[in-house]
Amino acid sequence: QVQVAESGGRSVQAGASLRLSCVASGRPGQAYAMAWFRQAPGTEREFVAAISWRGGTTDYADSVKGRFIISRDNDKNTMYLQMNLLKPEDTAVYYCNMGGDYYGEYKPSSHWGQGTQVTVSS
């Protein structure tokens, strides 16, 4: 049973930094790409960043490029999202996705976490 669990979200002021974590379980030893998505109230879920199995390939949404950094530690089955210079428009529930197809554009799998809320106030 594949499971992913996000953590690290909280309320912060604009300009602050946060680091989100996503722990994956259920597929040890198998190579898989991972990604972060987010969903603000009244909007569709949108892509934030993706990372390949070995971390050599990453992609970012234009809205976060230069501010967010995605990384992973396969020994810990954990993916991270370092978010810097946060803006009010970054406010959303952030979701982790595991095992999607990652050939150019990341196409999510059905393996989602429950999400972690990030709120940025001005």
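The values are calculated or read from the model by the stated rules, or taken from the named source; none is laboratory data. Given the structure is predicted, the values throughout are model-derived calculations rather than measurements. Note: ideal-geometry Cβ built from the backbone for every residue, glycine included; neighbour counts use all protein chains shown. All accessible areas refer to the heavy atoms of the entire protein, side chains included, with ligands and DNA or RNA removed. Shrake-Rupley method; radii C 1.70, N 1.55, O 1.52, S 1.80 Å.
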Query raised in the report: Regarding Phe47, is this residue within 11 Å of Tyr94 (Cβ to Cβ) and touching a Phe, Trp or Tyr at 6+ places or on another chain (Cβ under 9 Å)?
Result: no
Requested in this report: Quick one: which residue in Tyr80, Tyr102, Tyr106 is aromatic (Phe, Trp, Tyr), under 15 Å from Leu18 (Cα atoms) and open to solvent by less than 50 Å² (accessible area, probe 1.4 Å)?
Outcome: Tyr80
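Okay, residues lined up against (1) open to solvent by 60 Å² or more (accessible area, probe 1.4 Å); (2) touching a Lys or Arg at 6+ places or on another chain (Cβ under 8 Å); (3) at pLDDT 95 or above:
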{"site": "Ser11", "(1), (2), (3)": "yes, no, yes"}
{"site": "Tyr32", "(1), (2), (3)": "no, no, no"}
{"site": "Phe37", "(1), (2), (3)": "no, yes, yes"}
{"site": "Ala50", "(1), (2), (3)": "no, no, yes"}
{"site": "Val64", "(1), (2), (3)": "no, no, yes"}
Query raised in the report: Of the residues Glu6, Glu46, which single one is surrounded by fewer than 17 Cβ atoms within 10 Å (Cβ to Cβ) and closer than 21 Å to Gln117 by Cα?
Result: Glu46
Report task. Could you please find all residues in the range 109-122 being touching a residue at least 24 places away in the same chain (Cβ under 8 Å) and exposed (fewer than 14 other Cβ atoms within 10 Å of the Cβ)? Result -> Gln114, Gln117, Ser121, Ser122
Report task. Would you point out which residue out of Tyr103, Tyr95, Tyr60 is in contact (Cβ under 8 Å) with a residue 60 or more places away in the chain and out of contact with any helix residue (DSSP H, G or I) (no Cβ under 8 Å at 6 or more places or on another chain)? Result -> Tyr95
Requested in this report: Tell me the strands (runs of 3 or more DSSP E) entirely within the range 1-113 that contain at least 3 residues that are under 15 Å from the mean Cα position of the chain (by Cα) and not basic (Lys, Arg).
Outcome: 3-7, 18-25, 33-39, 46-51, 58-60, 68-73, 78-83, 92-103
Report task. Take the range 5-41 and flag every residue that is among the β-branched types (Val, Ile, Thr) and in contact (Cβ under 8 Å) with a residue 60 or more places away in the chain. Result -> Val12
Report task. Return yes or no: is Asp73 within 16 Å of Glu6 (Cα to Cα) and acidic (Asp, Glu)? Result -> yes
Report summary line: Exactly one of Gly15, Gly9, Gly56, Gly100 is small (Gly, Ala, Ser) and on the phi > 0 side of the Ramachandran plot, and that residue is Gly15
